[in-house]
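J.: Quick one: the structure is below, questions incoming.
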Amino acid sequence: MRDIIIDCDPGHDDAIAILMALANKDKLNILGITTVGGNQLLEKVTQNALKVLSLVDENIPVASGELKPLTRAIHTGEDAHGDSGMDGPILPEPKYTVVSTNAVQFMYEKIKNSMKKVTLVPTAPLTNIALLLRIYPEIKENIELICLMGGGIHTGNRTAAAEFNIYVDPEAAKIVFNSGVDIVMAGLDVTNKAMIMDDEREKLRGKGKVSDFVTELLDFYSIASKRFGFEGSALHDTCAIGYLLRPDLFEGKRYHVDVETQGDMTRGMTLADVRPVPEKKANVLVLLEVKRKEFIEYVCSCITKLDQK
């Protein structure tokens, strides 16, 4: 069993990723969930995380983190996630509250006190993770892996060059990618292929409380997906959790990846050295392929498992 911390900004796909992890507590021991400004402002995404946990009666400790990027103003994803950050379903106010408003200190203490190395699962801008590594560099010894959703070596989505999470705080991403910690990158190269189609979404409807919640999430999310030119809805953040649970469904290659922070047109670009003889040693396993149908079936099976609690 892995000890993990999920660092997120819920977010439709963040919410589904959290539910996937909760459906597999025999494989993933969630030490905590931390939040960061990204898909929406910090207060909103923190409330969304608490609402998701309340829906399934899971009192996982939640710590809120950074309001904005290290050096830039916040840039939110309202065009995809709506005013609340998780538009679509209507959930009651959460029954839980945050245990800390200092996510970096929370992560440090959880990692330091864990009996084994911890895997970090960021599905948001990397501000919290970068601060953890910068303030407490010694904690790297206790981190097994950073399995993140972000980037894309062939395409962007916020711009032609940059994926949203990396674009929001490229300075933080650069710190993380150059930290020396082992990284798995579930970027757009694979997450754009992790697409749930409308007919697959409909199979969840009416199955139970959690399935109906996810269906309503996807009802809203699919509108933005189609506006962006996709046939279905890409379940981006679920790939980071999915890889930890079912690595057999993914394929990737190891590259040296760095982050552009300065370019007017390339801010947030994750640049992989794909040359036969790269200049630097590979630092990232870049996921490139997913068995789409099997993966979507697995995601749905996790959701319906929670209906049976």
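J.: Within segment 133-156, restricting attention to residues that are out of contact with any strand residue (DSSP E or B) (no Cβ under 8 Å at 6 or more places or on another chain) and buried (at least 20 other Cβ atoms within 10 Å of the Cβ), which residue is farthest from ASP7 (Cα to Cα)?
T.: Looking at residues that are out of contact with any strand residue (DSSP E or B) (no Cβ under 8 Å at 6 or more places or on another chain) and buried (at least 20 other Cβ atoms within 10 Å of the Cβ), I get GLY156.
J.: Out of all the residues in segment 182-200, which are out of contact with any Asp or Glu (no Cβ under 9 Å at 6 or more places or on another chain) and either closer than 16 Å to ILE5 by Cβ or crowded, with 24+ Cβ neighbours inside 10 Å (or both)?
T.: Of everything in segment 182-200, those that are out of contact with any Asp or Glu (no Cβ under 9 Å at 6 or more places or on another chain) and either closer than 16 Å to ILE5 by Cβ or crowded, with 24+ Cβ neighbours inside 10 Å (or both) turn out to be ILE183, VAL184, MET185, ALA194, ILE196.
J.: Answer yes or no as to whether ASN102 is touching a residue at least 12 places away in the same chain (Cβ under 8 Å) and among the polar types (S, T, N, Q).
T.: yes
J.: For segment 262-300, give me the residue count where each residue is of a type in the set (Val, Ile, Thr), within 30 Å of GLU231 (Cα to Cα) and over 19 Å from the mean Cα position of the chain (by Cα).
T.: Adding up the residues that qualify gives 2.
J.: Among the residues that make up segment 107-116, is at least one of them of a type in the set (Phe, Trp, Tyr), closer than 30 Å to ALA162 by Cα and crowded, with 20+ Cβ neighbours inside 10 Å?
T.: The answer is no, given that none of the residues of segment 107-116 is of a type in the set (Phe, Trp, Tyr), closer than 30 Å to ALA162 by Cα and crowded, with 20+ Cβ neighbours inside 10 Å.
J.: Another question about this same structure. Scan segment 158-181 for residues that are part of a loop (DSSP other than H, G, I, E, B) and either surrounded by fewer than 21 Cβ atoms within 10 Å (Cβ to Cβ) or of a type in the set (D, E, K, R) (or both) and jot them down.
T.: ARG158, THR159, ALA160, ALA161, GLU163, ASP169, ASN178, SER179, GLY180, VAL181
J.: LEU42 passes all but one of (1) surrounded by 20 or more Cβ atoms within 10 Å (Cβ to Cβ); (2) over 26 Å from LYS117 (Cβ atoms); (3) touching a residue at least 40 places away in the same chain (Cβ under 8 Å); (4) of a type outside the set (Lys, Arg); which number fails?
T.: Among (1) surrounded by 20 or more Cβ atoms within 10 Å (Cβ to Cβ); (2) over 26 Å from LYS117 (Cβ atoms); (3) touching a residue at least 40 places away in the same chain (Cβ under 8 Å); (4) of a type outside the set (Lys, Arg), LEU42 violates only (3).
J.: Additional query: Return a yes/no flag: does segment 65-78 have any residue that is more than 22 Å from LYS174 (Cα to Cα) and not acidic (Asp, Glu).
T.: For segment 65-78, residues more than 22 Å from LYS174 (Cα to Cα) and not acidic (Asp, Glu): absent.
Conditions tested, residue by residue: (1) more than 17 Å from LEU244 (Cα to Cα); (2) charged (D, E, K, R); (3) modelled with pLDDT under 95; (4) touching a helix residue (DSSP H, G or I) at 6+ places or on another chain (Cβ under 6 Å).
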position: ASP9; (1), (2), (3), (4): yes, yes, no, yes
position: ILE16; (1), (2), (3), (4): no, no, no, yes
position: ASN24; (1), (2), (3), (4): no, no, no, yes
position: GLU43; (1), (2), (3), (4): yes, yes, no, no
position: ALA63; (1), (2), (3), (4): yes, no, no, yes
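J.: Of everything in segment 138-157, what is farther than 18 Å from ILE74 by Cβ and either assigned to a helix (DSSP H, G or I) or small (Gly, Ala, Ser) (or both)? Give them in sequence order.
T.: GLU138, ILE139, LYS140, GLU141, ASN142, GLY151, GLY152, GLY156
J.: Output the number of residues of segment 221-239 satisfying the condition of being among the acidic types (Asp, Glu) and out of contact with any Ser or Thr (no Cβ under 7 Å at 6 or more places or on another chain).
T.: The total comes to 1.
J.: Would you please name the residue that is nearest to LYS209 (Cα to Cα), looking only at residues in segment 79-105 that are acidic (Asp, Glu) and surrounded by fewer than 16 Cβ atoms within 10 Å (Cβ to Cβ)?
T.: Among residues in segment 79-105 that are acidic (Asp, Glu) and surrounded by fewer than 16 Cβ atoms within 10 Å (Cβ to Cβ), the one nearest to LYS209 (Cα to Cα) is GLU93.
J.: When you look at ILE33, is it without any contact (Cβ under 8 Å) to a residue 24 or more places away in the chain and either of a type in the set (A, V, I, L, M, F, W, C) or buried (at least 20 other Cβ atoms within 10 Å of the Cβ) (or both), yes or no?
T.: no
J.: Quick check on segment 244-255. Is at least one of its residues over 25 Å from ILE5 (Cβ atoms) and without any contact (Cβ under 8 Å) to a residue 60 or more places away in the chain?
T.: Within segment 244-255, one or more residues are over 25 Å from ILE5 (Cβ atoms) and without any contact (Cβ under 8 Å) to a residue 60 or more places away in the chain.
J.: Moving on to the next point. Can you spot a residue in segment 213-227 that is aromatic (Phe, Trp, Tyr) and more than 17 Å from PRO10 (Cβ to Cβ)?
T.: No, every residue in segment 213-227 fails to be aromatic (Phe, Trp, Tyr) and more than 17 Å from PRO10 (Cβ to Cβ).
J.: Which of the residues spanning segment 248-270 are surrounded by fewer than 17 Cβ atoms within 10 Å (Cβ to Cβ) and closer than 16 Å to ASP189 by Cα?
T.: GLU251, LYS253, ARG254
The values are calculated or read from the model by the stated rules, or taken from the named source; none is laboratory data. This one's a predicted model, so the numbers in the text were calculated from it and none came from an experiment. Counting neighbours? That spans all protein chains shown, and the Cβs are built from the backbone with ideal geometry, glycine included.
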